[in-house]
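Colleague: The structure's right below; bear with me while I get my questions together.
Only the coordinates and a few stated rules stand behind these numbers; no lab work does. Note that the structure is predicted; figures quoted are calculated from it, not measured. Here the Cβ is made from the backbone with ideal geometry for all residues, glycine too, and neighbour counts use every protein chain on show.
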């Protein structure tokens, strides 16, 4: 397994890592088998944002005797209350759950203390000068964490955090579909074949700027959602109208500036080995440009590209974000990840506020049935 430097932290991580979200609810023996497979494959990077007590206990048990062989991202601000996961900015609550994290894992340090789920400018402004940021840096000064990180899906917010000098690591959602959705991208660009050239695609907008700034400032990136929750793996659900393979998507992420590790979700040893098999692939198997360059011209019809050309909305609904979370939920079929639900519920205005005026559908260049999808989101997420 190839190792990469995690920015300027001095930490070396496996370029394929382990995302542990879906281990929640699994029995101890299964969790241990996944960590066994990861170690056998040379994977050392792992993200464990989960705050539920049982999964923490079982991962900690599975780590006994080999804690030092893994580089762990542990989240500050991920808590468990009233039988469910919650993002918190309360210092006492967040501190208690981070201390519980250390206790359950049987360790006196976590490699990356990840400030959890910072997706808005208002949240960032409150966080950067607030007690939770001070707590994270105090943990670093004491050696309880080796680096301060932040998880985000919002490029503009993430860019502010990176430029602030307050974080060492960024955990970010990254794949070709998300990267295509720059604010600079026009409708004409989307239908211009040259837009799908890999170099031009990754040089667009805020996302490319974010990756470049991370590289410039030595902030390492760990990648989540590299497969787009599975939507990019089939012709039917891929916004390009053609499926990517797992090695293609991993290679796409690993060829972005500052990226150190792609975190692959796994619940079985077989899934871990399949992700690690990237290391055995050649240039032809990794080449993703054919999918981008040969995407059918009109394959985007009816599929939200998260461009927000449908705005403005009279109820101020961020239609693109609602559709993104709906797509992520649909990709998981009957098991909507708690993180997706939580992200949706933090939106300032949700689909339940839609008055079905239809103005968005008149503006949408891809003929997305927005009103129908707002109803689907309201039904699925409860508001």
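Colleague: Checking a compactness column here: for segment 60-103, what do you get for Rg(Cα) / (2.2 N^0.38 Å), N being the number of residues? Walk me through the numbers before you get to the answer.
Modeller: On the way: Rg = 12.2 Å, N = 44, 2.2 N^0.38 = 9.3 Å.
In units of the 2.2 N^0.38 Å rule of thumb, it is 1.32.
Colleague: Let me make sure I get this right: for segment 3-293, a, b and c are the square roots of the gyration tensor eigenvalues over alpha carbons, sorted descending. Under 1.5 in a/c it's rounded, otherwise prolate if a/b > b/c, else oblate. Which is it?
Modeller: Judged from the Cα gyration tensor, segment 3-293 comes out oblate (a/c at least 1.5, b/c at or above a/b).
Colleague: With a 10 Å cut-off between alpha carbons and a GNM built on the chain, which of 63, 170, 35 moves the most?
Modeller: With Cα springs under 10 Å in the chain, the top fluctuation among 63, 170, 35 is at 63.
Colleague: Sorted from largest down, give the three principal axis spans of the alpha carbons of segment 319-381, whole angstrom values.
Modeller: 33, 22, 16
Colleague: Under a no-solvent Debye model with one identical scatterer per Cα of segment 238-298, what's log10 I(q)/I(0) at q = 0.21, 0.29 Å⁻¹?
Modeller: -0.91, -1.23
Colleague: Relative to the longest principal axis of the chain, what angle (0 to 90°, nearest 10) does the C-alpha long axis of helix 370-381 take?
Modeller: Result, in degrees: 30.
Colleague: Using alpha carbons only, how many degrees (0 to 90, rounded to 10) separate the axis of helix 319-331 from the longest principal axis of the chain?
Modeller: Between the helix axis and the principal axis of the chain, the angle is about 60 degrees.
Colleague: Related question: Could you calculate the FRET efficiency of residue 277 with residue 346 from 1/(1 + (r/R0)^6), where r is the beta carbon distance between them and R0 is 51 Å, rounded to 0.05?
Modeller: Working: r = 36 Å, r/R0 = 0.70.
Efficiency at R0 = 51 Å is approximately 0.90.
Colleague: Which of the peptides 113-123, 92-102 is most tightly packed, and how do the rest follow, judged by the mean count of other Cβ atoms within 10 Å per residue?
Modeller: On the way: 113-123: 21.2, 92-102: 17.4.
The densest-packed peptide leads the list: 113-123, 92-102.
Colleague: Let me ask something else about it. Listing 22, 75 from the residue with the fewest other Cβ atoms within 10 Å to the one with the most, what is the order? Walk me through the numbers before you get to the answer.
Modeller: Working: 22 18, 75 27.
Going from least to most buried by this count: 22, 75.
Colleague: For a quick check: sort 180, 1, 171 by the number of other beta carbons within 10 angstrom, fewest at the front. Write out the running numbers ahead of the final one.
Modeller: On the way: 180 23, 1 16, 171 29.
Exposure proxy ranking, most exposed first: 1, 180, 171.
Colleague: Also, I was wondering about something else. At 222 nm, what helix-only mean residue ellipticity would the chain give, in deg cm²/dmol to the nearest 500, using -39500 (n - 2.57) for each DSSP H run of four or more? Could the numbers behind the result be given before it?
Modeller: Numbers: 18 runs with 161 residues, N = 383.
My calculation for the chain gives -12000 deg cm²/dmol from helical runs alone.
Colleague: Ordered by packing density, taken as the mean number of other Cβ atoms within 10 Å over each peptide's residues, highest first, how do 370-380, 216-226 rank? Present the calculation step by step, with values, prior to reporting the outcome.
Modeller: Numbers: 370-380: 17.8, 216-226: 23.1.
Descending mean neighbour count gives 216-226, 370-380.
Colleague: Moving on. Write down, largest first, the equivalent ellipsoid semi-axes of segment 77-122 in whole Å, where each equals the square root of 5 times an eigenvalue of the alpha-carbon gyration tensor.
Modeller: Values: eigenvalues 76, 41, 15 Å².
The three semi-axes for segment 77-122 are 19, 14, 9 Å.
Colleague: Moving on to the next point. Helix 28-40: angle to the longest alpha-carbon principal axis of the chain, degrees 0 to 90, nearest 10?
Modeller: Relative to the chain, helix 28-40 is tipped by roughly 90 degrees.
Colleague: Give the Rg (one decimal place) followed by the Dmax (whole number) of segment 59-148, computed from C-alpha coordinates and expressed in Å.
Modeller: Every Cα atom of segment 59-148 included, Rg and Dmax give 13.3, 42 Å.
Colleague: Classify segment 1-144 from the C-alpha gyration tensor, please: rounded if a/c falls under 1.5, else prolate or oblate depending on whether a/b exceeds b/c. Walk me through the intermediate numbers first.
Modeller: On the way: a/c = 1.84, a/b = 1.31, b/c = 1.41.
Because a/c hits 1.5 or more and a/b fails to exceed b/c, segment 1-144 counts as oblate.
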